[in-house]
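Scroll down for the structure; my scribbles are underneath it.
The values are calculated or read from the model by the stated rules, or taken from the named source; none is laboratory data. Every value quoted in this text rests on a predicted model; they were computed, and no experiment measured them. Cβ sites come from the backbone with ideal geometry, for glycine too, and all protein chains shown count toward neighbours.
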Amino acid sequence: MGKIIAIVNQKGGVGKTTTSINLSASLGLLGKRVLMIDLDPQGNATTGVGLEKKGLTNSIYEVLTFRSKIEDAIVKTKSVNLDAIPAYLNLAGVEMELLELERKYRETDRKINRVLRLKEELYNVKENYDFILIDCPPSLGILTTNALAAADSVLIPVQCEYYALEGIMQLINTIMLAQRKVNPNLDIEGVLLTMLSVNTNLGLEVISSIKEFFKERVYDTIIPRLIKLAEAPSHGKTILDYDPKGKGARAYLNLAREVIEKNGTEK
Ligand SMILES: Nc1ncnc2c1ncn2[C@@H]1O[C@H](COP(=O)(O)OP(=O)(O)OP(=O)(O)O)[C@@H](O)[C@H]1O
Ligand SMILES: [Mg+2]
């Protein structure tokens, strides 16, 4: 049964999408069957795995609003063992639309809970995958809430910078709220340090403060700041295709091994 991991941090630009793309591809290369869901209207994870936005008719928006079956929105990527559900700008309007649907069906037998839409849809495909990764937008709105309700665990990328822990309490509170209201079993999968610059001492200070806060939940693997990781998406390639022998590919493959090991030894 697929383990569902939401990649979450309401702070923008911390490496959620880069991690969703490259961790998904790495898990796939290591033989796991992976589904990556783009849950951000920006659609960067979609283009990052090489999907052309034109030409695809179904996306996660059509799935959440009952316009498409989830099976019909899944597309194969060029990466081995990696399927994806794309997202486009139309996803930005989903909150109003789900509220409207919820209201419309309130007095009927067909009850709709806008927070549980993704969870309900994933029932139908969960068994086809070992891992399902969800790339969340930089906010704690309806989309992230859907991800927190559907997920088994959250992976939190944290950028190695001075203000790294800013906003973390708000994120923890949101996770605890999701646990109380909709998903009592939601776990913290791990905390990933991203974009570590080699030639500053600042990074080391940040690492120790984050480790103090999150303890053993912090992955041993740290993602370095690398031009290649930033360039790859503009070529529609994961780092495994763009620079297969480089440090970025090595880092994300190491992270994938940690994720697999952690999940293999549990339960
Ligand atoms: N390890 C890295 N080295 C260099 N650049 C990186 C690295 N990780 C991410 N970036 C770049 O930093 C920017 C933000 O990364 P990314 O899009 O992955 O973050 P995000 O958390 O998904 O952002 P958003 O909150 O907007 O969704 C992007 O331009 C990306 O290419
Ligand atoms: Mg993103």
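Descriptive notes on the structure:
- Positions within the stretch 29-60 being surrounded by fewer than 24 Cβ atoms within 10 Å (Cβ to Cβ) and within 17 Å of Val125 (Cα to Cα), in sequence order: Lys32, Arg33, Asn58
- Identity of the residue in the stretch 78-93, assigned to a helix (DSSP H, G or I) and more than 18 Å from the chain's Cα centre (by Cα), that ends up surrounded by the fewest Cβ atoms within 10 Å (Cβ to Cβ): Gly93
- Residue ID - farthest from ligand 1 (Cβ to nearest atom), chosen from residues in the stretch 33-63 that are modelled with pLDDT of 95 or more and either charged (D, E, K, R) or in a strand (DSSP E or B) (or both): Arg33
- Filter result (more than 16 Å from ligand 2 (Cβ to nearest atom) and within 16 Å of Pro157 (Cβ to Cβ)) within the stretch 224-261: Pro224, Arg225, Leu226, Gly248, Ala251, Asn254, Leu255, Ala256, Glu258, Val259
- Per-region count, the stretch 159-204, residues in a helix (DSSP H, G or I) and either among the aliphatic types (A, V, I, L, M) or closer than 23 Å to Gly13 by Cα (or both): 14
- Scanning the stretch 119-145 for residues that are touching a strand residue (DSSP E or B) at 6+ places or on another chain (Cβ under 8 Å), within 25 Å of Asn9 (Cβ to Cβ) and more than 16 Å from ligand 1 (Cβ to nearest atom) returns Leu122, Lys126, Tyr129, Asp130, Phe131, Ile132.
- Yes/no for Asp83 being among the acidic types (Asp, Glu) and within 14 Å of ligand 2 (Cβ to nearest atom): no
- Within the stretch 16-30, considering residues that are of a type in the set (A, V, I, L, M, F, W, C) and either touching a His at 6+ places or on another chain (Cβ under 8 Å) or assigned to a helix (DSSP H, G or I) (or both), the one nearest to ligand 2 (Cβ to nearest atom): Ile21
- Within the set Val63, Val75, Val94, the sole residue that is of a type in the set (Val, Ile, Thr) and over 28 Å from Gln179 (Cβ atoms) turns out to be Val75.
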